[in-house]
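Heads up, the thing below is written out as structure tokens.
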Amino acid sequence: MATANDLRRGMAISYNGDIVVVLDSQHRTPGNLRAFVQATLRSIRTGRSSDVRFSSTERIEVVPMVTRKMEFSYKDGDDYVFSDPETYETVTLNPEIVGDAKSYLVENAGVTVTFVEDKAVANNVQKSVTLETGITVQAPLFIKTGEKIKVDTRTGKYMERA
């Protein structure tokens, strides 16, 4: 068990008998009142978002999340189909989960999909960028041609903009 102060964006928690993902959380201390945490939560079951206020000391149950590397395979109607490159297991995601990343998806694009209780809740689409040295790394979609980035030389992974 954690407290409401521990809420962070992307966490999955159990709230009112439903599993929800934290979209945003802010700790507030108004004037001479007690501190509270204002959070925006999205239900995994219904997809609806709601604003909730927690006492800063209120106990919350954190639900474990699993992250898997997948590849975009194809679009099936409105849905998007991804496959695990190792097991070839496919997962179908609706447009709400894919979000704005849908316009960047190309066949075989590498994606990170987050699962809570075997249900996909989020994805992180990245694209391949080629550095001046010829090395190719995965970077977020907002990186444009000509921008300088920092790469962790130990892992060869994108860190941040330079």
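The table below lists the values:
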| item | result |
| --- | --- |
| Top-ranked residue of the stretch 42-54 - restricted to ones that are surrounded by fewer than 14 Cβ atoms within 10 Å (Cβ to Cβ) and touching an Asp or Glu at 6+ places or on another chain (Cβ under 7 Å), ranked as nearest to Glu96 (Cα to Cα) | Gly47 |
| Boolean, Val129 is among the aliphatic types (A, V, I, L, M), part of a loop (DSSP other than H, G, I, E, B) and more than 22 Å from Ile19 (Cβ to Cβ) | no |
| Residue under evaluation Asp100, criteria (1) within 20 Å of the chain's Cα centre (by Cα); (2) more than 23 Å from Ser43 (Cβ to Cβ); (3) not in a strand (DSSP E or B), criterion not met | (2) |
| Members of the stretch 89-135 found to be β-branched (Val, Ile, Thr) and loosely packed, with under 11 Cβ neighbours inside 10 Å, listed by number | Val106, Thr130, Thr133, Ile135 |
| Those residues of the stretch 79-97 which are in contact with a Lys or Arg (Cβ under 7 Å, 6 or more places away or on another chain) and part of a helix (DSSP H, G or I), in sequence order | Pro95 |
| Scope the stretch 62-78; condition within 19 Å of the chain's Cα centre (by Cα) and not in a loop (DSSP other than H, G, I, E, B); matching residues | Val62, Val63, Val66, Thr67, Arg68, Lys69, Met70, Glu71, Phe72 |
| Subset of the stretch 63-88 [surrounded by 14 or more Cβ atoms within 10 Å (Cβ to Cβ) and within 23 Å of Gln38 (Cα to Cα)] | Val63, Met65 |
| Test for Thr133: is it closer than 27 Å to Gly156 by Cβ and out of contact with any strand residue (DSSP E or B) (no Cβ under 8 Å at 6 or more places or on another chain) | yes |
| Filtered residues of the stretch 1-41 (kept if assigned to a strand (DSSP E or B), surrounded by 17 or more Cβ atoms within 10 Å (Cβ to Cβ) and not hydroxyl-bearing (Ser, Thr, Tyr)) | Ala12, Ile13, Ile19, Val20, Val21, Val22, Phe36, Val37, Ala39, Leu41 |
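Let's see how each residue does on (1) touching a helix residue (DSSP H, G or I) at 6+ places or on another chain (Cβ under 9 Å); (2) at positive phi; (3) without any contact (Cβ under 8 Å) to a residue 24 or more places away in the chain:
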residue: Asn5; (1), (2), (3): no, no, no
residue: Val21; (1), (2), (3): no, no, no
residue: Ser49; (1), (2), (3): no, no, no
residue: Thr92; (1), (2), (3): no, no, yes
residue: Lys102; (1), (2), (3): yes, no, yes
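Each reported figure results from applying straightforward, stated rules to the coordinates on display, with no laboratory input. In this text the structure is predicted, and so the values were computed from the model without any measurement. Methodologically, a virtual Cβ is constructed for each residue, glycine included, from the backbone with ideal geometry; neighbour enumeration extends over all protein chains shown.
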